[in-house]
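The values are calculated or read from the model by the stated rules, or taken from the named source; none is laboratory data. Because the structure is predicted, anything quoted here is derived from the model rather than measured. Heads up, the Cβs are rebuilt from the backbone with ideal geometry, glycines too, and the neighbour counts pull from every protein chain shown.
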Amino acid sequence: MAFNNNIKLHILGAGPAGLAAGYFAKKEGIPFHIFEASGVYGGNCRTIVEGDYRFDTGAHRFHDKNQEITKEIKSLMRDELQLVDAPSKIFINDNFIDFPLRLKDLFLHLETVDMIKIIFENIQNILRAKRSPMNFKELAYSKYGFTLSELFLIGYTEKLWGRESELLHTDVAGGRLKKLNLLSFLSEMIFKNKKSDHLDGSFYYPISGFGSIFDKMVEFIGIENISFNSPVRKLLHKDKRLEAIVYGDNDSVKITDVINTLPVDLTTNIFEPLLPKEIQDGINNIKYRNLKLCTVFLNIPQFSPNASIYFPEISNPITRIYEPKNRSSKMAPKDKTCIVVEVPYSIGDDTSSLVDEDIYSLIKTKLKKLFLIKEEDISRFKVMELSNAYPILMAENQYQLKKTVSFLNTFDNHHMIGRNSEFKYLHTHEIMLRAKRLIENFL
Ligand SMILES: Cc1cc2nc3c(=O)[nH]c(=O)nc-3n(C[C@H](O)[C@H](O)[C@H](O)COP(=O)(O)OP(=O)(O)OC[C@H]3O[C@@H](n4cnc5c(N)ncnc54)[C@H](O)[C@@H]3O)c2cc1C
């Protein structure tokens with residue numbers, strides 16, 4: 001392929017990180033080109049369109065956590081971005097409990113003895129001297145006490161990440177459990193109508209699905225600036241600078257600057273000449289968690305009023321169900337709906353070997369047993385695989401990993417951003433902010 005010689009920036013990967021980098025580069029007038037291995041853009045963050053149905057690759061919502069990025073996305077999406085008000089629930093012991101938790105619900109659905117333990121343990125936690133938790137289990141116990149953690153957090157976390165919670169880094173909490181403590185419960189009880197900051201059922205969501213954010217970005221970027229089916233195979237370097245990229249069927253292109261959003265283990269292995277052994281060793285033990293996403297199409301107008309339903313019980317392979325129509329009415333026909341069921345797995349485990357029919361049958365049996373679904377309401381199903389959905393953040397390998405990522409970033413013209421590139425539990429608003437800052441630094 002012949003490239004415009006003026007290209008100053010090559011971007012590897014057309015997921016949210018690569019597209020955000022292209023978007024901000026275009027805004028600043030920096031000539032760029034994107035290489036994408038697959039035939040589509042959006043990475044793990046796409047909206048699938050099937051007939052009259054639309055559904056995302058897992059339950060996505062736009063987190064309004066950074067004003068600068070929210071403003072950017074609002075101006076990109078205009079009236080297509082709407083504020084959605086829909087609650088989320090935890091399904092436990094055959095009951096739906098509000099998520100985030102509310103004291104009233106806990107009193108209603110938990111045994112008195114558990115409630116006494118929860119209150120006692122949380123008062124103990126408030127009084128106890130604070131020390132930094134070394135892993136997720138310590139974080140959960142120190143913030144929420146043993147009983148609350150075991151009921152709602154530990155099983156769910158272990159199921160989602162596929163590792164024991166004492167082995168997981170505290171960052172797997174992802175900030176979403178902030179304020180789940182006795183003080184927030186009490187403030188909510190005292191100021192009856194005022195939900196504490198975290199107990200907020202509203203969020204931003206585009207009317208045509210989360211992936212439409214990236215449709216709009218691509219419209220702006222120009223699809224001709226993305227090469228599809230062009231996997232990057234080698235990064236040639238000399239004197240601490242990248243010199244060329246080898247991609248596709250052994251094509252190559254000389255480069256000035258690179259924004260790299262590829263998984264860090266892939267990156268480490270495609271540097272040529274090879275990187276020092278201790279740098280390669282930094283990625284030896286890293287693993288990703290994958291998801292089987294089973295969309296079940298239903299002949300009923302609504303499955304539940306919830307944005308998401310979480311399943312903490314370890315005996316149930318499902319971690320979460322979400323109903324696209326509760327985020328935007330455009331996601332399903334008026335008299336029908338669909339749900340997307342998330343089942344995490346690791347390569348080589350029992351779930352990984354299940355064929356589509358098996359995974360559907362497992363999910364159906366579970367949901368029928370819990371009285372969440374009736375056979376006659378189901379019209380059909382579709383199973384999709386989402387690889388590298390979550391980088392498994394282990395407490396023990398963070399130091400080595402950081403060393404490798406830092407080393408890779410010491411190459412003058414090589415800049416890594418993205419969930420698997422940085423090996424961090426990042427959401428799209430954080431990735432977009434990183435992309436914006438990188439581009440600002442180019443200017
Ligand atoms: C179930 C689920 C729910 C989520 N919910 C939310 C949410 O509510 N809000 C939110 O903001 N975020 C959410 N996220 C996170 C969000 O999806 C990720 O942060 C985002 O997809 C990461 O983008 P990325 O570009 O870093 O990586 P990816 O999405 O993984 O994209 C990487 C791209 O690089 C390409 N690539 C790989 N190898 C090569 C190669 N050799 N050459 C060229 N290209 C290559 C891939 O094909 C892909 O297109 C969720 C994620 C999951 C899995």
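Taking every residue in the stretch 419-441 that is in the same structural domain as Asp64 (by TED's automatic domain parsing) and more than 6 Å from the ligand (Cβ to nearest atom) and pairing it with any residue that is of a type outside the set (Val, Ile, Thr) and modelled with pLDDT under 95, at least 6 positions away or on another chain, yields no pair with a Cβ-Cβ distance below 8 Å.
When Glu150 is tested against (1) within 19 Å of Ile90 (Cα to Cα); (2) crowded, with 19+ Cβ neighbours inside 10 Å, only condition (2) is not met. Taking the stretch 1-60 as the search range and keeping residues that are surrounded by 18 or more Cβ atoms within 10 Å (Cβ to Cβ) and among the aromatic types (Phe, Trp, Tyr), which one is nearest to the ligand (Cβ to nearest atom)? Within the stretch 1-60, the match that is nearest to the ligand (Cβ to nearest atom) is Phe35.
Can you give me the number of residues within the stretch 200-233 that are assigned to a helix (DSSP H, G or I) and either touching a helix residue (DSSP H, G or I) at 6+ places or on another chain (Cβ under 9 Å) or on the phi > 0 side of the Ramachandran plot (or both)? Outline the logic, then answer.
Our first condition is that a residue be assigned to a helix (DSSP H, G or I); within the stretch 200-233, this holds for 212-221, 223-225.
Filter once more, so that each one left must be either touching a helix residue (DSSP H, G or I) at 6+ places or on another chain (Cβ under 9 Å) or on the phi > 0 side of the Ramachandran plot (or both): 212-214, 216-218, 220-221, 225.
Residues meeting the conditions: 9.
Determine which member of the set Leu401, Leu393 is buried (at least 21 other Cβ atoms within 10 Å of the Cβ) and more than 15 Å from the ligand (Cβ to nearest atom). Exactly one of Leu401, Leu393 is buried (at least 21 other Cβ atoms within 10 Å of the Cβ) and more than 15 Å from the ligand (Cβ to nearest atom), namely Leu401. Screening the stretch 286-344 for strands (runs of 3 or more DSSP E) wholly inside it with 2 or more residues that are closer than 17 Å to Asp356 by Cα returns the ranges 288-298. Evaluation of Glu376 against the conditions (1) modelled with pLDDT of 95 or more; (2) out of contact with any Lys or Arg (no Cβ under 6 Å at 6 or more places or on another chain); (3) under 19 Å from Leu293 (Cβ atoms) shows that the sole unmet condition is (3).
Could you check Asp358 against (1) closer than 28 Å to Asn306 by Cβ; (2) more than 16 Å from the ligand (Cβ to nearest atom); (3) touching a strand residue (DSSP E or B) at 6+ places or on another chain (Cβ under 7 Å) and say which number it fails? Among (1) closer than 28 Å to Asn306 by Cβ; (2) more than 16 Å from the ligand (Cβ to nearest atom); (3) touching a strand residue (DSSP E or B) at 6+ places or on another chain (Cβ under 7 Å), the lone unmet condition for Asp358 is (3).
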